[in-house]
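Where a number appears in this text, it was derived from the coordinates with a stated rule and is not lab data. These figures come from a predicted structure and were not determined experimentally. Note: ideal-geometry Cβ built from the backbone for every residue, glycine included; neighbour counts use all protein chains shown.
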Amino acid sequence: MGMTRRQLLAGSLTAGLLAILRSREGRRALALGPQQLVQAMRIRHGGHWDVNPGALDCLLEETKLRTSTDTAAFETVVDIGSRQLHDSLFGVMMGDGPFELTELERQRLGKWMGLGGLLIFDNAGRTAPDKGWDKSVRTELKKMLPEATIERVSPEHVLYRSFYRLDYPPGRAIFQSYVEAVKLGSRYCAVISSNDLFGALARGPDKRFIEVPSPGGESQREMAMRFAVNLLMYAACLHYKDDQVHIDYLLHKRKWKVRPPE
């Protein structure tokens, strides 16, 4: 019997995101267990896959600090054919220049996305979005999910408010004021970023950032970090946080009264 989406959700390490919910005394909420850490996968492909070193490590570190989520310390580099692909719901393919997947790789990625995985395609083009990468992404998505269409994500979508409330998707650059995505049912299973999102988070061995985002500098880096955190939270929680992530803020803002936890 094949793996179900429920099994993937349970087997993935995203349950640690429940730790963002705290009691009024500040105690950590119970998750499913200390061994369950949120992971971020860098997915290896036939092209220039190892750009922006340290970016996913930075995202995991910042997510832990900002959300109290239990995250892995380092990214996981995963081959598409590896069983590790099903250890997480958050995967990133980044690069510049064209690439091509095998039919088996397309089948595996398509199945993983169908079971709940979120795949981020991040265009690492320097002075503009790389045309070869963009063409390859769209071609491969069409082959993986023939019935799916690529659409522009509305700024009102939960992708922009799964943890932080944002108006646009910055990266190392701002070539486009939007991201595109592929929808399966009611959720996005793939997101296409043309702004070199993880270029803003890339770090050297000394943990110093490699690039200065343009045109906004450090404030733009912060916004890119927030968007990356949102993507990770979206992958882990799906639409749960559409209402729940900001419930404390909403209750306070509307001055509703809620009984404290027992």
Can you give the local net charge around Val78? Use residues other than it whose beta-carbon is closer than 14 angstrom to its beta-carbon, Lys and Arg +1, Asp and Glu -1. -1
Fewest to most Cβ atoms within 10 Å: Arg172, Arg126, Arg42 sort as Arg126, Arg42, Arg172
By the scheme Lys and Arg +1, Asp and Glu -1, what is the net charge of all other residues having a beta-carbon under 12 Å from that of Leu118? +2
Sort Thr149, Thr67 so the one with the fewest other Cβ atoms within 10 Å of its own Cβ comes first. Thr149, Thr67
Glu211 neighbourhood, Cβ < 13 Å, K/R = +1, D/E = -1, net charge +3
Output the pairs from Lys64/Lys143; Lys135/Lys207; Lys64/Lys207; Lys131/Lys183; Lys135/Lys183; Lys131/Lys207 with a Cα-Cα distance over 26 Å in this structure; if there are none, say none. Lys64/Lys143; Lys135/Lys207; Lys131/Lys207
Using only alpha carbon pairs under 8 Å that are at least six residues apart, calculate the relative contact order of the range 152-224 and give it in whole percent. 31 percent
